[in-house]
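Let me begin by presenting the structure, written as structure tokens, before commenting on it.
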Amino acid sequence: MKILHVAAECFPLLKTGGLADVVGALPAAQRAAGADARVLLPGFPGIRAGLLDARPVGTLPPKFGPGPIVLWQGRLPNGVPAYVIDAPMLYARDGNPYADAQQQPYADNHRRFALLGRVAAQVAEGFADDWLPEVLHGHDWHAGLAPAYLRQFAMVSGREVPATVFTVHNLAYQGVFPAACFGELDLPPGFMQMNGLEFHGQVSFIKAGLYYSDQLATVSPSYAREIQTAEHGCGLGGLLAGRAKTLSGVLNGVDEAQWNPATDAALAAPYDEDKPAGKARCKSALQAELGLAAEPGALLFGVVSRLTEQKGLNLVLAGAEALLAGGGQLVVLGSGDPALEAGFRTLAAAMPERVAVRLGFDEALSHRIFGGCDVALVPSRFEPCGLTQLYGLRYGTLPLVRRTGGLADTVADCSLENLADGTATGFVFERFEQADFDAAVRRAYALHADPVRWREVRRSAMRQRFGWDGPAAQYLELYRKAIARAR
Ligand code: ADP
Ligand code: GLC
């Protein structure tokens, strides 16, 4: 089967979050399963620079901005064939791909990502060397217009077009723009209506993806249920509930080539569930690197996260006293909300031997944190899937998570019954409230006080396998359904 993935990020070329990890791993897993999966990406500087064996495929006339558009073909470092859209006026901007240095979304984002959707539809029609995908798989709002353009092309040509699948990685980001932007998208006027792109009088890119795609997916079974409700549907719960029969929850996986403590070159020492000794070396190396007190027995909590409302890290800040009272230590790696950044910076300044904060994005340090910590904190308000708790499990860094979305689907609490039957893998709290978070922290300390049990739970956590072969096969099944529906 031939599949074109369309997305804005792809590890290791460009990453702001888990979307990049998924796009960097899923197509490769599908190729390993025998499918011809390829990727289409916008030509942001990191993506242009990281494309290997690049050669131009063709030139398109100017669209959504001045200057010609060149489509390049090459491959990703993992061998997956990739197409990259070179449109310097829209994409040649360093830093965050969505926003300027002041964190303001670029004013022309509707045109930047309309181009991604339109070129996706053109590639789906055979523009690139006559390679004709059977499925166009869009990821998040950035790719939302691809199925809309494909529908438009089919209306004009009358030809059969590929089936479409759209995955929601985070419903909170929707790509909503003023109605006046619609005129710049070059879509038929009939598409700007409730059964189309229109969303409360504005243009919604994610709604286009949800409305025009044959099959929908999101990144965990729990989140698939949650987003059909008014509470978590971000205004699209009704539409999603109406499409419940075509909406699947496919859990993300862990890319073993990147995230395996036995082979991870970023770690001070390798280890795995059968030979865990290296983890203690990783911990002391991390403490030394961060200037934390060299205490092998201190419970070391880690956070690797975008610092946004979603991630619930105000619970960590407000709960810091209780978190550290038991003799623990905390490391935070992240960037985002200035208030959270300032809060963590102040905390670290007050207790440099107990709290270390690194503001920014640092892939290698994130690996050392999962390698060296005891507990990974992920207290999210909502979490479509979450990858850091999966990395925590794999690295024996027990996840402490709120029971929501993909966190609920992947971590089992250290309740007495789970401990008794050997299924416990971390700490799970229910309500987004300080008392519930603090109680989970106390459970972590209680388990840590029993080293034999701690090692048992850590071993169970590390034995969990969230590989990509299962999800890759689930998506292939979804494509078959999409093809059947499109006919
Ligand atoms: P989200 O996509 O919502 O940010 P995920 O848990 O799915 O959350 O994925 C986050 C990804 O980004 C993980 O690979 C995580 O390790 C990484 N990450 C987040 N913040 C940083 C950072 N400051 N430095 C390095 N990696 C980070
Ligand atoms: C989004 C979600 C996160 C998910 C990631 C990859 O960024 O916030 O929960 O793991 O996408 O699907």
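The values are calculated or read from the model by the stated rules, or taken from the named source; none is laboratory data. Treat the numbers as computed from the prediction; the structure is a model and nothing was measured. All Cβ positions, glycine included, derive from the backbone under ideal geometry; neighbour counts span all protein chains shown. Accessible surface areas use protein heavy atoms only, side chains included; no ligands, DNA or RNA. Shrake-Rupley method; radii C 1.70, N 1.55, O 1.52, S 1.80 Å.
Here are the numbers for the structure shown:
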read-out	value
Ranked order, R151, R463 - accessible area, probe 1.4 Å, largest first	R463, R151
Rounded if a/c under 1.5, otherwise prolate or oblate - segment 436-478, Cα gyration tensor axes	oblate
Taking the convex hull of Cα positions in segment 258-394, its mean projected area over all directions (nm²)	7.7
Orientation-averaged projected area, Cα convex hull of the chain (nm²)	21.9
Prolate/oblate/rounded call for segment 231-336, Cα gyration tensor, a/c under 1.5 rounded	oblate
Diffusion coefficient, µm² s⁻¹, Stokes-Einstein with Kirkwood Rh over alpha-carbon pairs of segment 11-103 at 4 °C and 1.567 mPa s	93
Length-normalised contact order for the chain - Cα pairs under 8 Å, 6+ apart - percent	13
For segment 393-487: rounded, prolate or oblate by the Cα gyration tensor [a/c cutoff 1.5]	prolate
Protection proxy ranking, peptides 137-146, 102-111, average beta carbon neighbours within 10 Å, highest first	137-146, 102-111
Top positive-direction residue, dipole computed over the chain with Cβ charges, set A320, A461, W72	W72
Loop GluC sites (Glu not before Pro), segment 428-482, which have at most 14 other Cβ atoms in a 10 Å radius of their Cβ (DSSP)	E430, E433
Peptides 53-66, 326-339 ordered by average Cβ neighbours within 10 Å, highest first	326-339, 53-66
Point-to-point label distance, A446-R463, nm (Cα→Cβ direction, 7 Å offset)	2.4
